[in-house]
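> Structure incoming, see below.
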Amino acid sequence: MSLASGSSGNCYYLGTESYGILIDAGISIRTIKKKLKEINVSLESIKAVLVTHDHADHIKGVGHLGEKMNIPIYATALVHEGINRSYCMTEKLHTSAHFLVKEELLQIGDFNITAFEIPHDGTDNVGYFIEVAGKRFAFLTDLGEITPKAAAYICKSQYLILEANYDDEMLKMGPYPHYLKERIKSGTGHMSNVDTADFLAEHATEELQYIWLCHLSKDNNHPELAYKTVELKLKERGFIVGRDLHLFTLKRTLSSDVYEF
Ligand SMILES: [Zn+2]
Ligand SMILES: [Zn+2]
């Protein structure tokens with residue numbers, strides 16, 4: 001389930017029947033608790049938080065989750081440095097900081113986790129490839145482009161969470177200052193709808209069953225626009241949404257459905 005997705009905060013839950021993990025915790029603990037409770041998941045059953053990078057919309061809640069709730073917070077050494085330097089961290093991580101190394105397998109219960117480099121302008125940025133109960137998930141949020149390495153992980157996945165941040169025209173015509181538009185469009189910024197659609201049309205495999213478009217911009221995108229752009233490009237390549245695979249856009253502040261596999 002996605003609890004929140006976008007520049008106001010990001011948090012995803014991936015769980016088995018008895019326990020689970022969070023990917024990013026960029027919303028308040030109260031909200032996390034409440035949203036998990038709605039699906040009968042307690043915070044006590046969370047075994048780890050995996051952090052993608054050190055931007056505030058991904059880490060706001062990790063101090064409390066780590067130091068008050070004793071939930072291990074996993075990130076690369078550089079991301080941990082960035083987390084503890086961040087203005088949004090009123091509570092620094094000490095005992096709860098756990099280090100992971102990119103491309104090295106990390107096992108947490110039944111979850112086999114591999115972090116891999118993705119290009120973005122945080123201190124260090126990773127995507128996650130996670131295998132659990134024979135299902136393969138790839139999480140890629142906040143990235144300027146899809147490198148061959150990232151593509152390789154996507155191509156192994158059946159369930160994909162991938163950014164579609166902005167529509168080119170909306171960004172161009174929108175209110176952001178020039179430097180910010182350039183930052184977003186750069187190779188270390190964010191993925192546009194077309195970037196994501198082109199990549200998926202080129203690389204979708206028959207194994208890929210579910211795609212969730214994440215981190216949609218409030219000012220420079222519309223969920224239907226992102227959805228249609230990807231749907232159309234997939235169709236041009238013979239992949240029919242609804243028949244060959246499922247496609248969803250994730251909401252900024254509302255939880256998604258709970259997807260069970
Ligand atoms: Zn973000
Ligand atoms: Zn970011």
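The values are calculated or read from the model by the stated rules, or taken from the named source; none is laboratory data. Everything numeric here is computed off the predicted structure, so don't read it as measured data. Glycine gets a Cβ as well: all are built from the backbone with ideal geometry, and neighbour counts include every protein chain shown. Note: areas computed on protein heavy atoms with side chains; ligands, DNA, RNA excluded. Shrake-Rupley method; radii C 1.70, N 1.55, O 1.52, S 1.80 Å.
> Can you run the Rg to Rh ratio on the stretch 41-115? Use alpha carbon positions and the Kirkwood inverse-distance Rh.
Rounded to two decimals, Rg over Rh is 0.95.
> Binned at 5 Å from 0, what are the whole-percent values of the Cα-Cα distance distribution for the stretch 1-140, short to long?
The percentages, shortest bin first, are 2, 11, 23, 26, 23, 13, 4, 0.
> Return the subset of Lys37/Lys102; Lys60/Lys181; Lys34/Lys149 for which the Cα-Cα distance in this structure is over 29 Å, preserving the input order.
Beyond 29 Å: Lys37/Lys102; Lys34/Lys149.
> To the nearest 10 degrees, how steep is helix 29-38 against the longest Cα principal axis of the chain, on a 0 to 90 scale?
70
> Mean residue ellipticity at 222 nm from the helices of the chain, using -39,500 (n - 2.57) per DSSP H segment of n ≥ 4 over the full residue count, to the nearest 500 deg cm²/dmol?
Value at 222 nm, helices only: -7500 deg cm²/dmol.
> Kindly give the semi-axes, whole Å and largest first, of the ellipsoid equivalent to the stretch 146-254, taking each as the square root of 5 times a Cα gyration tensor eigenvalue.
24, 15, 12
> Based on Cβ point charges of +1 for Lys and Arg and -1 for Asp and Glu, what charge dipole magnitude is obtained for the chain about its Cα centre, in debye rounded to the nearest 20?
It works out to roughly 660 debye.
> Report the gain in length on full extension from Ala133 to Lys92: 0.36 nm times residue separation, minus Cα-Cα distance, nm rounded to one decimal.
Residue separation times 0.36 nm, minus the Cα-Cα distance, leaves 11.4 nm.
> Keeping all protein chains in the complex and leaving out DNA, RNA and ligands, what accessible area do you get for Asp124 with a 1.4 Å probe, in Å² to the nearest 10?
Surface open to solvent at Asp124 totals about 10 Å².
> Roll a 1.4 Å probe over the protein heavy atoms and report the accessible area of Val101 in Å², nearest 10.
The accessible area of Val101 comes to roughly 80 Å².
> Consider just the alpha-carbon atoms of the chain and return their Rg together with their Dmax, both in angstrom.
In Å, with Rg to one decimal and Dmax whole: 17.2, 51.
> Let me ask you something else. I need the calculated FRET efficiency for the pair Ala151 and Glu17, taking r as the beta carbon distance and R₀ as 45 Å, to the nearest 0.05.
Here the calculated transfer efficiency is 0.90.
> Then there's this: Pop the C-beta distance of Ser42 and Ser8 into the FRET formula with R0 = 30 Å and round what comes out to the nearest 0.05.
Efficiency computed from Cβ-Cβ geometry: 0.75.
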